[in-house]
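What follows is a short report on a single structure.
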Amino acid sequence: MTTTITQPTGVERHFDEHEIIVSKTDTKGIITYANRVFLRVAGYTEDEVLGQPHNLIRHPAMPRCVFKLLWDTLKAGEEIFAYVINQAKSGDHYWVLAHVTPTFDDRGKIVGYHSSRRVPNRKSVDTAMGLYAQLLKAEKDAGDGAAGMRVSFDMMLKVLADAKMEYAEFAFSI
């Protein structure tokens, strides 16, 4: 399947507080499972998402440094919670509080990842939006991709150091 990049519409989608968006990927981030809530909210069919990179739903307003932190944490065998803005097939967006965990085989080797996403607290989304806008601006102002990643990642680490918190604590404090 060839994916087309859809421009963001600025329209926010919502899902019910009792619903959970679930997806699973292999170690390279390729989608191996998506539940009905994921498919409905993202606006894709199962055939359109299975075998595709999970960044299929990446919104351009999401700073890359947050994904670097996410992947670094997962590859270290740790779980992570993060506020994420995703983009539906239509270009609409939706906010989630993601809980992503590595999946291990019986020998303790990471064989994939499991993500459960819930409706986030609106106040937390507003706080995350402000921080993410600053991080994204730092990425863009730095020029090329690698430099932007370094600058925004360092900026995020400073925010955490100033708050005297690990990322997980920070995510639950906002």
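What the table shows:
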| quantity | calculated |
| --- | --- |
| Lone qualifier among 157, 70 - being open to solvent by 50 Å² or more (accessible area, probe 1.4 Å), at pLDDT below 95 and closer than 21 Å to residue 173 by Cα | 157 |
| Residues of the range 41-71 classified as in contact (Cβ under 8 Å) with a residue 60 or more places away in the chain and of a type in the set (Lys, Arg), total | 2 |
| Test: residue in the range 82-93 that is open to solvent by 60 Å² or more (accessible area, probe 1.4 Å) and touching a Pro at 6+ places or on another chain (Cβ under 8 Å) | no |
| Subset of the range 2-43 [open to solvent by less than 30 Å² (accessible area, probe 1.4 Å), part of a loop (DSSP other than H, G, I, E, B) and farther than 19 Å from residue 112 by Cα] | 15, 19 |
| The range 101-135 - residue that is aliphatic (A, V, I, L, M), out of contact with any Cys (no Cβ under 9 Å at 6 or more places or on another chain) and in a helix (DSSP H, G or I) and, of those, surrounded by the fewest Cβ atoms within 10 Å (Cβ to Cβ) | 133 |
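The values are calculated or read from the model by the stated rules, or taken from the named source; none is laboratory data. Owing to the predicted nature of the structure, the values given are computational and were not obtained by experimental measurement. Note that we place each Cβ from the backbone using ideal geometry, even for glycine, and neighbour counts take in every protein chain shown. These accessible areas exclude ligands, DNA and RNA; they are computed on the full protein's heavy atoms, side chains included. Shrake-Rupley method; radii C 1.70, N 1.55, O 1.52, S 1.80 Å.
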